[in-house]
Amino acid sequence: MTTSPPPSGVDVVLPCLNEAEALPWVLARIPAGWRALVVDNGSTDGSADVARSLGAHVIHEPRRGFGAACHAGLTAATADIVCFCDCDASLDPSLLVPFVTEVADGRSDLVLGRRRPQGRGAWPAHARAGNLALARMVRRRTGLRLHDLGPLRAARREPLLALGLTDRRSGYPLQMVVRAADAGWRVTEHDVPYRPRTGASKVTGTWRGTWQAVRDMSRVLNETPAPVEAEGAGR
């Protein structure tokens with residue numbers, strides 16, 4: 001049995017804050033025919049210049065925050081399917097190919113990567129514990145049997161914009177999942193290898209960062225469920 005090649009013209013949003021060292025590895029793994037949207041969130045290490053020199057489309061988002069960078073990339077995207085990936089070399093964007101195929105084929109509306117640590121230091125214990133606690137809260141809130149709220153994901157652009165995402169901090173990825181669930185989206189999860197990142201983490205590299213992320217995400221879980229206008233993203 002043969003499978004059709006993944007769709008071309010996919011946009012990959014890469015939120016970036018001082019990732020000049022990791023960018024060459026990440027951008028080299030963007031699938032052919034896809035566009036890398038590097039959203040510079042105030043880097044001081046020349047990340048924007050590095051990204052531009054490697055052929056990426058650079059977007060400047062002055063408002064600090066993971067969600068602010070992700071949403072700036074989403075609003076700048078023009079492709080039918082948009083992917084998200086961290087820019088620190090912890091995740092390989094080439095792993096998004098089957099995610100995109102699943103969305104394009106209509107088997108899923110939102111595909112998430114479940115991180116599987118590879119080697120020591122890939123995922124600090126405090127960050128893993130915070131993620132596990134949040135995943136359990138998501139199950140109670142939405143009924144989705146997810147194990148991770150990782151940043152590697154794919155979905156169609158227009159339905160994503162229609163979710164009306166408002167969080168501009170570290171709660172953005174969670175808000176996307178919660179609002180997708182409320183809208184009746186089919187959400188799936190697949191294992192992906194998770195490597196030690198290049199450089200220092202901006203969010204969960206410390207207990208304080210993890211606590212801030214958990215607090216941001218807990219606030220999202222306490223939101224009043226949005227009214228469901230239509231069932232599913234592609235139906």
May I ask you to verify whether VAL103 is modelled with pLDDT of 90 or more, under 15 Å from ALA233 (Cα atoms) and in a strand (DSSP E or B)?
no
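In the range 124-150, what count of residues is obtained for those that are assigned to a loop (DSSP other than H, G, I, E, B) and either modelled with pLDDT of 90 or more or within 22 Å of LEU221 (Cβ to Cβ) (or both)?
8
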More than 16 Å from ALA180 (Cα to Cα), at pLDDT below 95 and more than 15 Å from the chain's Cα centre (by Cα): does that describe ARG63?
no
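Collect the residues in the range 16-37 that are touching a Gly at 6+ places or on another chain (Cβ under 8 Å) and not polar (S, T, N, Q), keeping them in residue-number order. Quick ask: steps written out before the conclusion?
Of the range 16-37, the ones touching a Gly at 6+ places or on another chain (Cβ under 8 Å) are 17-22, 27, 33-37.
Matches in the range 16-37: LEU17, GLU19, ALA20, GLU21, ALA22, LEU27, GLY33, TRP34, ARG35, ALA36, LEU37.
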Qualifying residues in the range 70-96 (those that are touching a Phe, Trp or Tyr at 6+ places or on another chain (Cβ under 9 Å) and in a helix (DSSP H, G or I)) - the one surrounded by the most Cβ atoms within 10 Å (Cβ to Cβ):
LEU96
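The values are calculated or read from the model by the stated rules, or taken from the named source; none is laboratory data. This one's a predicted model, so the numbers in the text were calculated from it and none came from an experiment. Neighbour counts run over all protein chains shown; Cβ positions are idealised from the backbone, glycine included.
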